[in-house]
Each structure stands twice: as C-alpha cells, then as structure tokens.
1. Just by accessible area at a 1.4 angstrom probe, what is the order of Glu364, Glu187 from largest to smallest?
2. Using the Karplus curve 6.51 cos²θ - 1.76 cosθ + 1.60 with θ = phi - 60°, what ³J(HN,Hα) values do you get for each residue of region 419-427, in whole Hz, with x for Gly and Pro?
3. Under the Kirkwood approximation applied to all pairs of distinct alpha-carbon atoms, what is the hydrodynamic radius of region 364-423 in Å?
4. Could you derive backbone 3J(HN,Hα) for region 381-391 from the dihedral phi with the Karplus parameters 6.51, -1.76 and 1.60 (θ = phi - 60°), listing whole Hz in sequence and x where the residue is Gly or Pro?
5. Given a Förster distance of 60 Å, report the FRET efficiency between Arg282 and Asp165 from their Cβ-Cβ distance, rounded to the nearest 0.05.
6. Only one of the values [x] 26.9; [y] 26.2; [z] 22.6 was calculated from this structure for Kirkwood radius over Cα pairs in Å; name its label.
7. Return the percentage of antiparallel bridges among DSSP beta bridges fully within the chain, rounded to the nearest 5 %.
8. Over the Cα atoms of region 183-243, how large are the radius of gyration and the largest Cα-Cα distance (Dmax), in Å?
Amino acid sequence: SMPRYTLLLLPLIAVTLSGFAAAQKPRAVNYDELKVPDYSLPDPLLTEAGVRISDATAWREARRPELLKLFQQFVYGTAPQPCPIRHEVVSTKTDAIDGKATRREVDVFFGTSDDAPSRRLLIYVPNAASKPVAAFLGLNFQGNHTIESDPAISITPKWVRKRKDVTDGNRATAKARGTSASRWSVESIIDRGYALVTIYYGDIDPDFDDGFKNGIHAALQANVDSVPPDQRWGSIASWAYGLSRALDFLETDEAIDSARVAVIGHSRLGKTSLWAGASDPRFAMDISNNSGCGGAALSRRAFGETIRVINKNFPHWFCDNYLQYNGDEASCPVDQHELVALIAPRPVYIASASGDRWADPKGEFLSAYHADPVYRLLGTDGLGGNQPPDLPPPADTPLSDGTIGYHLRTGKHDLTAYDWAQYMNFADRHLK
C-alpha cells in the first residue's frame, strides 16, 4: 500500500496538474464577432522608431525594407539568396485544349549541377497569341496531372497527401487525373488570352513536418547556415522561393511576358502567393484566394484559425520565432494588412468565401482596408473611389474598381470558376 504522506499529497498533486492543464489548454475557436478581442493594429506608415512615413521615397527606402525584415524574422523566415537555375523541356503538345493552346512541361532546377533538385512546370499558352502574353502563375496541391485529364501529363513521383481512392498512400496515381480541373479553369484562361503556369507544390517542399530533410530546404541548407535557427525559412517561404525561381525561368521564355505575371494561390498557397508577391516585386499582380490565418486575415482578431492553432497543426510552415505569438497575437510586431501593403503599389486581389469562417472573411477584407493608406500614399486609388467603410461588401458583389480588389463569394473554402472570372476581369484592367 502507499505511504500515508503520499496519500495526503495526491489531492494537492491533482489540483496542481489540473491547473497546469487549464493553463496549457488552447482557447476555443471563436466565430462570434462580439468575442473578438480589442486590438490595436501596427501602423504600416509608422516606423519602429516612431517616424511617420509621408512620401513614396521614405516608404521605399525606410519602411518597406523594415517591414519585410520583420516578416522574415518573426513570421515566414529568411530564405536564401536566389540560386542559379537551368531548365530542360520535357514535353510539348501544340494542340492542347481542343487546339487552343500549346502545353509544355519544363523541369527547372534549383542550381546548375547535375544533381540539383528540380520542379516541373506545366505551361499553357494560347495559340492565338501573336506576341508574349500575360500569365497566371500558381502552385497546385496534388500534382500537375490533376489540373487536366490529358493522359500525356506526367504524374509526379514525389510525396503527395493521401486522398481516398486516387492515391496509393502518399504516391500519386492516374486515378487523380483531372480531379482538380474545377479549380483551374484552364480553357477559360486560354480563351481570355492568358497563359497559365502551375507547379506541384510538393515538388518544391513536401508538406509535412519532417525536420526539413527533404525538398529544397535540405538541398539549400548551407545557404541559410548564417541565419539564426529561429529565423530560418519555413515551408511557405520555400514555396514562395520556388515561385520566384519559376519567374526567373519565365524571364527567359519567349511565349510569356514576364513583366505581366500574376501570382495566385488558394488556402495555404494563398498565404504563399502573398509572401511571394511581398518578397519579390517582379510579380506584377498578386491574388490571394481564401488564404486566412498567416495569409490575408488579421491575426489580432483571433477569429477562426489562430496563430496557436496553425502553429500546432502545421509547425513547418513558419519560422520558429512565430511560435512566441501563440495566444499572444498582440505582441507580434506586424499584422497581415502590412503583408498586403508590401505588395503596393502593384494590384492585389483578396477573395473570401461566406462558408469559410475558419479563414475569417471579415479579417481578410480588413487587411485590404488597412493596407489602403499605403496604396494611396504611393499614388494609386487603393480600394477605389472614396474610402469604404471597414465592413466587407455583400456576397457576390466584387469590389474591384481600384488597385486593391476584394470579393466575398457565396459558398465554401474553394477556388471556383466565379473566382477566376473576377481575377481575369481584374487582370484585364491591370495586365493588358
């Protein structure tokens, strides 16, 4: 039997452990606007030293570099300097999409050595084009073969997320051909005169917490050894790095006008497209579709997915410094409206879905709203017309007359033909 003093201590131990568990328990996910905490946003036009930014030169030379560094240090991590690339054309089909497009597969390598890691670009260019065209560039979730049902598109040999009936564990299969076609509107994009370039994101970095032993993190590790460990790039930064190296290739491609490339992403890849556009000013336009926490949604609202939740579920997405803001969003030196502001004065479009409360549609709109002053300082019309109220527009009524576009679509977390129609309308105004 237990000694008597041990029995006397058991209630005290139980109370102590209970209190510890309560302290460690994450707060419940909030979907109630009345329970959004009071918050004060950092001013994108006020430097860390308290100096007010009042002209475009001060923004470019002082505040923008400061904000970019803060996001690198505390959110996404610092990526390596651009590496040299080389490429190899894998296949060409001149009569794709019922003869409307030429489709190419091109391997672009992260480095010039024979053993450099690569990712495969799937490229569609309208055959009707008589000169280089504007393009949409985005990552896809399950492999290039899911974009269209054409059996000639190669199937990735890399790790993929398990999907019932269409993968063999974490291996892609032909059963997945065309299963993501509804998200890409390839024919509509071609009909509107744009090129489409897409890459399987797992070609760049596999999307699971493996200690960065695979993908370009492992290949380019020596390039970030000088960066403090808690500031090194996470997966979002690596995917963005891959998009920038794809743009390096497109600068050599005669069919596409690399000065008119819009970077686009959905969900976690919408977070990626925003960071790609913020960190690489060569992207002419930026599109965030349902990007939520760590993307377009204000973190300080703690609505839906929070920093604590996203770090717990996806610890590899951000740098380790981001962990210190779990449950303490107010202490972060930046918020996501400043990420949007880093894209200024280039056009940016943010889209939400009414059924996607996890991504906080109002918080996504508010980032656009609070980035508007930076856009106006840099000589654009921001959200367009007069400064709107800080409330999202009604569902299915795009706010797209300005340099910042936004819509709230009826429906769930997805990338749809409706979304693409708005993005192409926006691109018609800004890229053509």
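1. Glu187, Glu364
2. 4, 4, 4, 5, 5, 6, 4, 5, 5
3. On the way: mean 1/r = 0.0823 Å⁻¹.
Every distinct Cα pair counted, the radius reaches 12.2 Å.
4. With coefficients 6.51, -1.76 and 1.60, one gets 8, x, 6, x, x, 6, 4, x, x, 7, 10 Hz.
5. Details: r = 40 Å, r/R0 = 0.67.
Given R0 = 60 Å and the Cβ-Cβ separation, E is 0.90.
6. Here the calculated entry is [z].
7. Values: 26 of 53 bridges.
Restricted to the chain, the bridges split so that about 50 percent are antiparallel.
8. 15.7, 48
The values are calculated or read from the model by the stated rules, or taken from the named source; none is laboratory data. Keep in mind the model is a prediction, meaning the values are calculated, not measured. Note that we place each Cβ from the backbone using ideal geometry, even for glycine, and neighbour counts take in every protein chain shown. Only protein heavy atoms, including side chains, enter the accessible area calculation; ligands, DNA and RNA are left aside. Shrake-Rupley method; radii C 1.70, N 1.55, O 1.52, S 1.80 Å.
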